[in-house]
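Q: Shown below is the structure under consideration.
The values are calculated or read from the model by the stated rules, or taken from the named source; none is laboratory data. Predicted model only: the values in this text are computed from it and were never measured. For neighbour counting, all protein chains shown are included, and Cβ atoms are generated from backbone atoms with ideal geometry for every residue, glycine included. What goes into the accessible areas is simple: the full protein's heavy atoms, side chains included, and nothing from ligands, DNA or RNA. Shrake-Rupley method; radii C 1.70, N 1.55, O 1.52, S 1.80 Å.
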Amino acid sequence: MRVLGIETSCDETAVAIVEDGRRILANLISSQAHLHARFGGVVPEVASRAHLEAINPMIELALQESETATSAIEAVAVTIGPGLVGALLVGMAAAKAAALALDVPFIGVNHLEGHIFSNVLEAGPIEEPYVAFVVSGGHTMLVYVPEPHVYEVLGQTLDDAAGEAFDKVARFIGLGFPGGPALDRLAQKGDPDAIPFPRAVTERGYDFSLSGLKTAVVRHMKAERAHGREPRPEDVAASFQEAVVDVQVSKTVGAALDKEVRTVVLGGGVVANSRLRSLMAVRAKASGLRLMIPPPELCTDNAAMIASAGYYRLARGERTGLDVGADPSLPLA
Ligand code: KG4
Ligand code: ZN
């Protein structure tokens with residue numbers, strides 16, 4: 001079964017065609033990062049307009065690239081939230097029009113469930129129960145998944161999402177936008193133990209907080225400069241990254257052990273981070289946990305993950321009405 005997937009929740013216009021929920025036939029991403037870079041962050045109006053320009057040509061291209069006739073599309077899946085409402089609406093309008101024109105089932109997908117399903121694209125269905133750690137530019141979330149499509153949120157961020165914090169600290173040390181990947185690269189040349197940044201262990205077990213760490217980075221750099229020393233950006237990057245990742249890995253492994261699951265699943269843009277990937281692998285192994293991590297290119301926003309999650313919901317007989325609206329704060333439930 002070939003599903004057309006569409007994702008426009010933030011600043012990537014993404015279209016994919018996926019067979020049987022796991023075989024990627026086309027997975028196209030048109031990034032708008034260059035349009036937002038000079039503003040230092042995603043500008044919602046700019047994003048909506050760019051999606052509008054890109055979406056139809058992208059669908060055409062995905063069909064061409066996968067050598068799929070429109071008549072071979074058997075369902076349409078689209079992100080309906082969370083995300084920027086104007087951006088979501090563009091993808092949803094295109095998806096609804098396609099489903100209506102082709103007279104095929106339509107399914108709305110939660111973006112965060114999509115990130116979890118990035119794992120299915122390589123490895124096939126994930127066996128429940130498991131604990132998922134979803135970490136992106138907009139979310140940091142630990143989730144217990146007892147059975148298919150059932151999500152129990154164990155904890156989330158009390159302030160900044162991890163990707164957001166990466167981007168802000170990257171900007172502070174002059175790395176541009178989006179700064180996460182650049183900070184990751186710079187950190188590989190630095191010493192993670194150079195600066196003992198605080199580990200933000202919140203009172204509530206599985207929640208996350210990064211505002212204290214962010215402030216500590218700014219304070220450290222100002223204090224160093226006040227003493228006439230120029231902080232080494234690679235050491236700041238490595239030490240900041242280590243503080244973030246250390247807490248994330250501890251809480252994720254802790255949640256898996258508490259919930260007595262054998263599998264840990266990662267998803268979201270920040271999972272492209274090389275240190276998160278390596279430390280999680282080491283600690284999961286030490287605790288006897290099976291770890292699933294999507295390849296880096298499937299961690300960041302894409303439509304293949306949406307097509308996959310949509311496929312598995314459709315296979316259960318689920319359908320979404322064409323009257324569904326975009327929900328910028330759609331909960332994962
Ligand atoms: O999942 P995603 O593509 O979009 C959202 O749903 O938000 O995540 C984007 C976020 C950005 O904040 C970006 O800086 C971060 O993921 N990111 C990284 C890395 N690659 C992307 N953060 C740290 N290290 C990376 N290698
Ligand atoms: Zn995302």
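Q: Averaging sequence separations of C-alpha pairs under 8 Å and six or more residues apart, then dividing by the length of the chain, give the relative contact order as a whole percent.
A: 25
Q: Oh, and also: Once both axes come from the Cα atoms, what is the angle between helix 233-258 and the longest principal axis of the chain, in degrees from 0 to 90, rounded to 10?
A: 60
Q: Now for a separate question. Over 22 Å, how big is the tail of the calculated P(r) for the range 1-86, in percent of all Cα pairs?
A: 29
Q: Starting from the Cα of SER278, step 7 Å along the direction of its Cβ; do the same at SER31; then give the gap between the two resulting points in nm.
A: 2.2
Q: Relative contact order (percent) for the range 153-207, with alpha-carbon contacts under 8 angstrom and 6 or more residues of separation?
A: Relative contact order comes out at 42 percent.
Q: Charges on Cβ only, +1 for Lys and Arg, -1 for Asp and Glu, centred on the Cα centroid of the chain; of LEU330, MET92, SER287, which one is farthest towards the dipole's positive end?
A: Farthest towards the positive end: SER287.
Q: Where does helix 304-315 land angle-wise versus the long Cα axis of the chain, in degrees 0 to 90, nearest 10?
A: Value to nearest ten degrees: 50.
Q: Loop sites only, by DSSP: take the GluC sites (Glu not before Pro) in the chain that have at most 14 other C-beta atoms within 10 Å and name the longest stretch containing none of them.
A: Excluding the exposed sites themselves, the longest stretch runs over 128-202.
Q: Between GLU147 and ARG262, what is 0.36 nm times their sequence separation minus the Cα-Cα distance? Round to one decimal in nm.
A: 40.0 nm
Q: State, to one decimal in nm, how far the label point of LEU100 lies from the label point of ALA226, with both points 7 Å from Cα in the Cβ direction.
A: Between LEU100 and ALA226, the simple spin-label model gives 6.1 nm.
Q: Give the long-range amide H neighbours of THR263: residues separated by 5 or more places, or on another chain, with amide H under 5 Å away, using H modelled in the peptide plane at 1.01 Å from N.
A: Excluding prolines and chain starts, which carry no amide H, the hits are VAL131, ARG290.
Q: To continue, here is another question. Hull surface divided by four, with the convex hull built on the Cα atoms of the range 125-271: how many nm²?
A: Reported value for the Cα convex hull: 9.0 nm².
Q: Same structure, new question: Accessible area per residue, 1.4 Å probe, Å², for the chain: what's the number?
A: That works out to 42 Å² for each residue.
Q: On the protein heavy atoms, probe 1.4 angstrom, tell me the percent of accessible surface of the chain carried by carbon and sulfur.
A: 52
Q: In the range 120-270, what percentage of the DSSP-assigned beta bridges are antiparallel, given to the nearest 5?
A: In the range 120-270, DSSP labels about 65 percent of beta bridges as antiparallel.
Q: Viscosity 1.567 mPa s, temperature 4 °C: what is the translational diffusion coefficient of the chain from Stokes-Einstein with a Kirkwood Rh over Cα pairs, rounded to a whole number of µm²/s?
A: So the translational diffusion coefficient is about 64 µm²/s.
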